[in-house]
Amino acid sequence: MAEQSEQRIYDLEAALSQQREAHAQTQRLLQRLERDHQRSLDELEALHKTHGQLEQRFFAAESELAAAHGRLERLQRSSAAQAASIDSKAAAHEAEREQWQRAEADLRAELAAAKRQAVVRRRQTVAAGSSPLAAAPAHSRTKSLYAHDVPGSALL
């Protein structure tokens, strides 16, 4: 019986030792889990902080984009107004140019008619035999002819 008691004590001491070792392993595992949990909490906090920063940057970028879009719309309206003004001025300039071309064509036609009329008068005067210009040199006759026969020739 003493041997059984000793064996029983030995078995109990072995079981106690195993239980202590299991407890130590459980403690180490628990400590490791606590460290991992703290690391996860730290990472989560860092991610939360990064998320906040990214969110602020996103809202700032969104605000800048809205402001840029507003500026773009104003520039487009201004550009359209300027283009319309330029088109209007170009159309007015084209109309004025056409008016000047018509006036120039009218003046050329009037000048051609006056020249023909002057030639006819001169021929009539020469045919009548009493041309006051017949004795004058040719360049002088032309100048006199135009000075008398061309309407508005007082400017010459």
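The values are calculated or read from the model by the stated rules, or taken from the named source; none is laboratory data. All values reported here derive from a predicted model rather than from experimental measurement. Backbone-built Cβ (ideal geometry, glycine too); neighbour counts: all protein chains shown. Surface accessibility is based on the protein's heavy atoms, side chains included, excluding ligands, DNA and RNA. Shrake-Rupley method; radii C 1.70, N 1.55, O 1.52, S 1.80 Å.
Miscellaneous remarks
- Scan of the range 101-114 for residues that are free of Cβ contacts under 8 Å to residues at least 24 places away in the same chain and open to solvent by 70 Å² or more (accessible area, probe 1.4 Å), ordered by number: Q101, R102, E104, D106, L107, R108
- Residue in the range 54-64 that is part of a helix (DSSP H, G or I), more than 54 Å from the chain's Cα centre (by Cα), surrounded by 10 or more Cβ atoms within 10 Å (Cβ to Cβ) and basic (K, R) present: no
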